[in-house]
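Take a look at the structure set out below.
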């Protein structure tokens, strides 16, 4: 029993910390006695479980996840592709650098409000996801590509290997650990950015729209508003945790295969 507790001590510490925070929330809310500003944790918790009994909840989560995945995949693919190009050809990096700088500096709220004017509200969150994921992935892959051993590049030149063939057979396998790291580092942020954009764009069938409408009726639905925020946080945490486990296992597998290949 002690051994099990010791192995899971950090999980237990995190759980205890969360319980303390929820307890403080309950005490402060009851002391304030102003549900419009801060509902009790118990009321929010009840409303949180009520959400799971509503079919619309699953529709909202499904559509939000779809937008997250679409935005992430597009941003990730373009980030890897242009990151390799920029790492190999400095001129490409010079051309793309202003675009990347704009994506990094532009406020999500401002861009979302501008995009709503010209794009359907259902498309805006995915575009915001692309704008968040692309520069992070691009920068990591560009740096990793630039740091690839020059001897490998020289061998590829001597063999007459074209860029596409070199990318498929050499660069992508070498950059795989970096790509896995990008996935775990960006997907959680992508979820939060997409939900924020859904709120600003009034996107139907989304977690963002549920939060927006609960806020609009805050006099009656403040616990529901907090419950939806909890849902968004929980979704982001679960996805990020799951991806980190997947990435860790695959990274360990890649490292083991590399060691085995060297030894053979």
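Every number here is computed from the coordinates shown, using simple stated rules; none is lab data. These numbers were taken from a predicted model, which means no experiment stands behind them. Quick reminder, even Gly has a Cβ in these numbers, built from the backbone with ideal geometry, and neighbours come from all protein chains shown.
Which residues in the range 119-134 have a backbone N closer than 12 Å to a point placed 7 Å from the Cα of residue 89 along the Cα-to-Cβ line? Zone members listed by number: none at all. Over all pairs of different C-alpha atoms in the range 1-123, the reciprocal of the mean inverse distance, the Kirkwood hydrodynamic radius, equals 20.0 Å. Summary of packing: across the peptides 34-41, 57-64, the per-residue average of other C-beta atoms within 10 Å ranks them, highest first, as 57-64, 34-41.
With neighbour counts taken as other beta-carbon atoms within 10 Å, the residues 88, 215 rank, fewest first, as 215, 88. For the pair residue 143 and residue 168 in one chain, pulling the backbone fully straight at 0.36 nm per residue adds 7.2 nm over the alpha carbon distance.
Taken along the Cα-to-beta-carbon direction at a fixed 7 Å, the label points for residue 14 and residue 244 span 0.5 nm. Note on residue 35/residue 233: beta-carbon distance plugged into 1/(1 + (r/R0)^6) with R0 of 25 Å gives a FRET efficiency of 0.80. Fully extending the segment from residue 97 to residue 215 would add 38.6 nm, taking 0.36 nm per residue of separation and subtracting the current Cα-Cα distance.
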